[in-house]
Amino acid sequence: MDIKRNVLLNPGPSTTTDTVKMAQVVPDICPREKEFAGIMAPMRDDLVRIVHGDSKEYTAVLFCGSGTICIDIALNSLLDEGKKALVINNGAYSQRACDVCSYYGLPFIGLKQPLYEKPDLGKIEETLKENPDIGYVYVTYHETGTGLLNPVKEIGALAHRYGAFLITDTTSAYAMIPINVYDQNIDFCMASAQKGIMAMTGLSYIIGRRDIIEKSKDFPKRSYYCNLYMQYEYFEKTGEMHFTPPVQTIYAARQALIEYFEEGEEAKWARHQRVMKAIRKGIDEIGLHEALSRDVQSGLVAAIDYPDDPNWDFEKIHDYCYERGFTIYPGKIDGRGGFRLCALGAIDEKDIEDFWVVFREALKDAGVSTPIGK
Ligand SMILES: *Cc1c(COP(=O)(O)O)cnc(C)c1O
C-alpha cells in the first residue's frame, strides 16, 4: 500500500512510519480476549522501561484519550483529603493543569513563573516551606508552547525534601529526551502515543509509583471515568482496561515500541537534535526570531515570532506548505503572534532541508522579503 508521506512539524501527532500505520490493520478482535490482554501487559512494562523505572516500583496505566486525560487523571486522583496541589505555572500546558484543578475544585496554588526563563527555585522552596499541606508538586517537563525545558530534577528534589511527591507532564519529552525517573526525582510522569513513541492518537499513559497509587485507593474519588486507582486495579486484576480500549491504536503502539527500542534511546535523541539543528539553521538563514533564548530550550520546539512584514500571512504560508506535504503550526503564547516548528516524529534533517526550500518559496509567493528585517 502506498501512503502519502506528510512531514508534520506541529507538536503532535507526529509523522509515523508506514509500518506503524499498517500495524493498525488487523483482524477484528474483541478486546476482552486473552490475546489482547497479552499485548497490553508487555506494553506496560516497555513504557516503564523507557524512563528506566523498575517494574516492581513503577507501573504504567493506560487510558483511552488524548494526552490531556493524563493531566486530568493525575491531578484529580492523587490529591489526598486535607492536601493541596502546587502547580508551577509557566506556560500554556501548566495553565491547563491549573484549569483542571479549578474544574475539580481542588485546593491548589498556581505558582506563576516567567514564560521565557527557568522558574525560580527559591520561590518554589518558599512556597513549600509556607505550605506544609502540599501533597504533590506538578510541573510541565517541557512547555510545548514555548519550548522551555523546566528543571524537573531540582523541583523534584525540593518536593521530596518537603514531604511532597512530584508529578510531571512529560507528554512532549517522553521517549524523545532521555528521562530517568530515579535520577530526576520523578514519582509520576505521563505521555500520549501520538508524540514520543510516534504512534497513533487515542492512547495515553501515566507512569508512576505503585506504592503511591496503592495509597490513593483511599483518596477522595472525584471522577468515575478518570480515576487512576480504578484503572490500575482493573489492570492488575484482569490485565485489561476497565472500559473499551482503542484497539487498533494499541496495535500501532506495539509496533512503535518495537521500533523505539530498535532505534535506541540515544540514537533517537541524536536524531531529534539533528532535526532541530536543521530547523535552527533555516531560522538563522532566513532571519526569523525565536521567542526563547536557545539555552533554556528543550531542543524539540522552536517558537518563532511572526516576521514583521506587512505581507506575512500565516494561513497563506501554512496552506502553501501544507499542499506540498509540510505542516507548520500556530504558536501558543498569549498576546504574541507566532508559529512553531517541532522536531518530534519519524523525520530527519533531510526533511527539514526540503521544508526550508518550500518555506522560502512560500515567502516569495506571499511577497515577504528575505532575509527578514534586513
Ligand atoms: C500534547 C501535549 C499534551 C496533550 O495534549 P492533547 O491535545 O490532549 O493530546 C499535554 N501536555 C503537553 C506538554 C503536551 O505537549
Measure of compaction for region 22-105 (Cα Rg per 2.2 N^0.38 Å): 1.43
E57/D334 FRET efficiency (R0 35 Å; Cβ-Cβ; nearest 0.05): 0.35
Stokes-Einstein translational diffusion, region 199-311 - Kirkwood Rh over all Cα pairs, 0.890 mPa s, 25 °C, in µm²/s: 133 µm²/s
Cut-off 20 Å, label 7 Å out along Cα→Cβ of R210, residues of region 26-56 by amide N: 37-56
On Cα atoms only, tilt of 314-323 relative to the major axis of the chain in degrees: 90 degrees
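Once the Cα gyration tensor of the chain is found, what semi-axes does its equivalent ellipsoid get, as square roots of 5 times the eigenvalues, in whole Å, sorted largest first?
35, 27, 16
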Pairs from K123/K215; K4/K350; K316/K350; K118/K215; K21/K221; K118/K350 whose Cα-Cα separation, in the structure shown, is over 26 Å: K123/K215; K118/K215; K21/K221; K118/K350
Gained length - E117 relative to S293, 0.36 nm times residue gap less alpha-carbon distance: 62.5 nm
Projected label distance in nm at K316 and F261, using a 7 Å step from Cα toward the beta-carbon: 5.1 nm
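Taking 0.36 nm per intervening residue step and subtracting the Cα-Cα distance, what contour gain separates C30 from D354 on full extension?
Taking C30 through D354 to full extension adds about 112.3 nm, to one decimal.
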Reach of K195 by Cα under 12 Å, taken over aspartates and glutamates that are not fewer than 8 positions away in the same chain: none
Simple spin-label estimate for S369 and D2 in nanometres, 7 Å along Cα-Cβ: 4.3 nm
Calculated FRET efficiency for the pair S102/K221, C-beta based, R₀ 22 Å, to 0.05: 0.75
Share of alpha-carbon pairs per 10 Å distance bin for region 264-366, given as whole %: 14, 49, 30, 5, 0
List M276, M1, ordered by accessible area with a 1.4 Å probe, largest first: M1, M276
Between 0 and 90°, nearest 10: helix 349-366 axis offset from the chain longest Cα axis: 50 degrees
Considering only the chain, percent of DSSP beta bridges that pair antiparallel, nearest 5: 60 percent
Tilt relative to the chain, helix 92-104 - C-alpha long axis, 0 to 90 degrees, to 10: 40 degrees
Solvent-accessible area per residue, Å², over the chain with all protein chains present [probe radius 1.4 Å]: 42 Å²
Carbon/sulfur fraction of accessible area - region 224-288, other protein chains in place, 1.4 Å, %: 51 percent
Percent accessible area from carbon and sulfur atoms, region 112-218, protein chains only, probe 1.4 Å: 49 percent
Portion, in percent, of the accessible area of region 24-75 that falls on carbon or sulfur, probe 1.4 Å: 53 percent
The chain, helix-only ellipticity at 222 nm - DSSP H runs n ≥ 4, -39,500 (n - 2.57), divided by all residues, nearest 500: -12500 deg cm²/dmol
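The values are calculated or read from the model by the stated rules, or taken from the named source; none is laboratory data. Just so you know, these numbers come straight off a predicted model, no measurement behind them. Virtual Cβ from ideal backbone geometry, glycine too; neighbours counted across all protein chains shown. Surface accessibility is based on the protein's heavy atoms, side chains included, excluding ligands, DNA and RNA. Shrake-Rupley method; radii C 1.70, N 1.55, O 1.52, S 1.80 Å.
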